[in-house]
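Here is the structure we will look at.
Each reported figure results from applying straightforward, stated rules to the coordinates on display, with no laboratory input. Here the structure is a predicted model, which is why all the values come from computation and not from measurement. Cβ placement follows ideal geometry from the backbone for every residue including glycine, while neighbour counts extend to all protein chains displayed.
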Amino acid sequence: MNKSCYYIVNGITLYRLVMAPVLIWLIFKHQVHVFKWLLAFSYFTDLIDGWLARRYHATSILGAKLDSAADDLTVVAGIVAVVVLKPAFLKQQQAFVIILVALFLIQTVLAFLRYRKITSFHTWSAKGAAFMQGSFLILLSFYLNL
């Protein structure tokens with residue numbers, strides 16, 4: 001493993017970890033234009049950090065855990081933006097939101113019961129789901145003028 005690549009990949013992930021609370025702060029400061037571009041950049045860095053880690057053999061258990069935490073916090077920032085800035089949209093899509101939250105809770109509870117921890121899958125289906133989730137939140141932030 002190339003140590004400099006390891007630090008670069010984890011640095012990209014660390015950027016997303018640090019940026020998540022900044023994104024939430026931007027929402028409450030109504031800096032929507034800055035928020036949506038930084039959210040898009042955070043999702044872009046999510047796409048490249050895993051690829052770089054595999055390409056340059058800079059993978060680690062710590063890196064995978066940091067990546068999962070950064071992914072979750074970035075999604076939380078996007079959801080907070082919708083809740084704070086577009087609550088009418090959530091009310092309008094209430095049935096879909098309830099289904100999504102229920103599926104997430106079921107998966108989390110089942111993983112915890114089976115593995116005694118919350119999972120951090122890095123499978124192709126998980127990557128695809130994360131890509132669609134990120135695309136949805138980015139498009140929503142631009143389309144609804146969050």
Residue-normalised 222 nm signal for the chain, counting each DSSP H run of n ≥ 4 as -39,500 (n - 2.57), nearest 500 deg cm²/dmol, is -29000 deg cm²/dmol
With Rg from the Cα atoms and Rh as the Kirkwood inverse mean 1/r over Cα pairs, the chain has an Rg/Rh of 0.99
Among Lys36/Lys65; Lys36/Lys91; Lys91/Lys127; Lys3/Lys29; Lys3/Lys127, the pairs whose Cα-Cα distance exceeds 30 Å are Lys3/Lys29
For the chain, the longest principal axis of the Cα atoms and the Cα long axis of helix 3-28 enclose an angle in degrees, to the nearest 10, of 10
Scoring the stretch 19-136 by relative contact order with C-alpha pairs under 8 Å, at least six apart, yields a percentage of 28
If unit charges are put on Cβ atoms (+1 for Lys and Arg, -1 for Asp and Glu) and the dipole of the chain is taken about its Cα centre, the option from Ser141, Trp25, Thr59 lying farthest towards the positive end turns out to be Thr59
Length gained, Ala69-Ile48, 0.36 nm per residue minus C-alpha separation, equals 6.0 nm
